Amino acid sequence: MKTEMDTHTPLTLEERLKKIENAIARKKLLADGQCVPSFTTAENMEIYDCVFKLCNRKRTHYSEQIYEKYLNYLEERIMEKVIPRLLGKHGTALLKEVAHSWSEFKAFADSIYKFFEYLDRFYVPRRGLLLLADAPKHYYGRQVCESLYGKCQEAIINLIAEDREGKNIDRNLLNTVLGLFIALGGNGTTNYYEKFEQIMLAETAAYYCELSMQWWFWHDSLSSYLRKVDWCLVQEEARAEAYPCETTKAKVLEVMKYILLERNAKRWAGRQKANGVAAEDQELLSKYACLSLDMDSSASVSRATDL
């Protein structure tokens with residue numbers, strides 16, 4: 001096909017539109033791993049120039065149509081390549097495919113965005129439209145995460161539960177998917193990561209509430225209880241490294257300390273008063289201020305039971 005540089009003759013409207021369509025078709029083949037030539041710098045500039053000139057025609061410009069074309073390309077890619085691979089998947093397999101499909105979709109979107117970048121400089125700001133640079137996150141979130149969020153959340157909560165049971169899980173996968181939740185945000189007032197965090201904290205509270213009741217039922221001494229609490233806190237702190245938000249770790253530990261220490265302080269204070277605390281566990285008592293009971297001090301017992 002001729003180029004303006006080859007002929008010094010302006011391309012027609014139809015020729016420019018055809019060039020853009022052909023370029024996108026080739027980008028799709030490249031994204032699919034097909035053996036087609038990569039784009040040279042000159043070829044990239046040629047398609048960018050086609051977009052530029054279509055958006056700056058004196059009589060009738062095609063900015064709106066070109067803008068819609070880019071969005072349509074993203075939607076088509078999701079429907080053709082992303083959704084089919086996610087259907088029927090559950091658990092870890094679903095999380096892996098979500099992470100992988102987002103990575104591939106984002107790479108494709110970035111590769112064709114270079115052609116349409118001009119629109120984000122003038123047309124989009126003037127019309128108050130969604131930036132094309134942000135469109136991949138918007139469409140992947142709306143068409144993929146919005147529909148699969150419940151299944152993804154369930155898979156993540158199950159992974160965390162397996163981790164607590166001592167099973168070997170892929171914490172990097174957990175971090176990747178949760179990081180994706182943050183990057184994509186969400187449609188509406190609550191974003192994906194915040195929704196996950198709320199559910200996860202509730203699950204954490206329920207899990208440790210049940211665990212503390214088991215320890216109480218088996219008549220653990222205060223010393224034994226504190227050692228178990230300390231071990232759980234250390235494990236949960238390490239587990240929380242998989243969460244991309246530092247504040248999440250603090251919230252998890254706060255919930256645990258409330259469930260395991262503060263809420264049970266009165267009952268454990270009574271058991272401590274009856275059975276005493278091993279000398280080697282005095283350091284743990286100091287570590288957790290809400291249960292720092294002095295065996296010889298009724299005042300200390302009073303402070304703990306007031307919590």
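A few notes on this one:
- Of everything in segment 184-199 that is among the hydrophobic types (A, V, I, L, M, F, W, C) and at pLDDT 90 or above, the residue that is farthest from Ala99 (Cα to Cα) is Ile199.
- Taken over segment 224-248, residues that are of a type in the set (A, V, I, L, M, F, W, C) and open to solvent by 70 Å² or more (accessible area, probe 1.4 Å) amount to 2.
- Among residues of segment 69-93, those that are touching a residue at least 12 places away in the same chain (Cβ under 8 Å), open to solvent by less than 70 Å² (accessible area, probe 1.4 Å) and over 30 Å from Leu13 (Cβ atoms), counted: 5
- Tally of residues being in a helix (DSSP H, G or I), closer than 27 Å to Asp163 by Cα and at pLDDT 65 or above across segment 230-286: 30
- Condition check for Ser212: open to solvent by 10 Å² or more (accessible area, probe 1.4 Å) and either among the hydroxyl-bearing types (Ser, Thr, Tyr) or more than 29 Å from Ala107 (Cα to Cα) (or both): no
- Boolean, Ile112 is surrounded by 14 or more Cβ atoms within 10 Å (Cβ to Cβ) and under 25 Å from the mean Cα position of the chain (by Cα): yes
- Hey, Lys96 of a type in the set (Lys, Arg), modelled with pLDDT of 95 or more and open to solvent by 50 Å² or more (accessible area, probe 1.4 Å) or not: yes
- Condition broken by Glu21, with the remaining ones in (1) open to solvent by less than 40 Å² (accessible area, probe 1.4 Å); (2) under 20 Å from Leu119 (Cα atoms); (3) not aliphatic (A, V, I, L, M) satisfied: (1)
- Test: residue in segment 197-206 that is touching a residue at least 60 places away in the same chain (Cβ under 8 Å), open to solvent by 60 Å² or more (accessible area, probe 1.4 Å) and within 25 Å of Gly141 (Cα to Cα): no
- Every listed requirement among (1) aliphatic (A, V, I, L, M); (2) crowded, with 18+ Cβ neighbours inside 10 Å; (3) over 24 Å from Asp120 (Cα atoms) is met by Ile66 save one, (3).
- A count restricted to segment 97-123 and to residues that are farther than 15 Å from Val144 by Cα and either of a type in the set (Lys, Arg) or assigned to a helix (DSSP H, G or I) (or both) stands at 15.
- Count of segment 29-63 residues which are open to solvent by 70 Å² or more (accessible area, probe 1.4 Å) and on the phi > 0 side of the Ramachandran plot: 0
- Elements of type helices (runs of 4 or more DSSP H) contained in segment 1-96, each with 1 or more residues being more than 29 Å from Leu129 (Cα to Cα) and out of contact with any helix residue (DSSP H, G or I) (no Cβ under 6 Å at 6 or more places or on another chain): 4-7, 13-31, 41-54, 83-86
- Selection status of Ala155, more than 27 Å from Gln198 (Cβ to Cβ), at pLDDT 95 or above, part of a helix (DSSP H, G or I) and among the aliphatic types (A, V, I, L, M): no
Each row is one residue, and each column tells you yes or no for (1) outside any loop (DSSP other than H, G, I, E, B); (2) in contact with a helix residue (DSSP H, G or I) (Cβ under 9 Å, 6 or more places away or on another chain); (3) surrounded by fewer than 19 Cβ atoms within 10 Å (Cβ to Cβ).
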{"position": "Leu130", "(1), (2), (3)": "no, yes, yes"}
{"position": "Pro136", "(1), (2), (3)": "yes, yes, no"}
{"position": "Gln143", "(1), (2), (3)": "yes, yes, yes"}
{"position": "Leu159", "(1), (2), (3)": "yes, yes, no"}
{"position": "Asn172", "(1), (2), (3)": "yes, yes, yes"}
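- Long-range neighbours under 9 Å by Cβ, at least six apart or interchain, first residue at pLDDT 90 or above within segment 4-28, second small (Gly, Ala, Ser): Lys27/Ser111
The values are calculated or read from the model by the stated rules, or taken from the named source; none is laboratory data. What you see is a predicted model; the values in this text were computed from it and never measured. Note that each Cβ is placed from the backbone with ideal geometry, even for glycine, and that neighbours are counted across all protein chains shown. When the accessible area is computed, the model is the full protein with side chains, heavy atoms only, and any ligands, DNA or RNA have been set aside. Shrake-Rupley method; radii C 1.70, N 1.55, O 1.52, S 1.80 Å.
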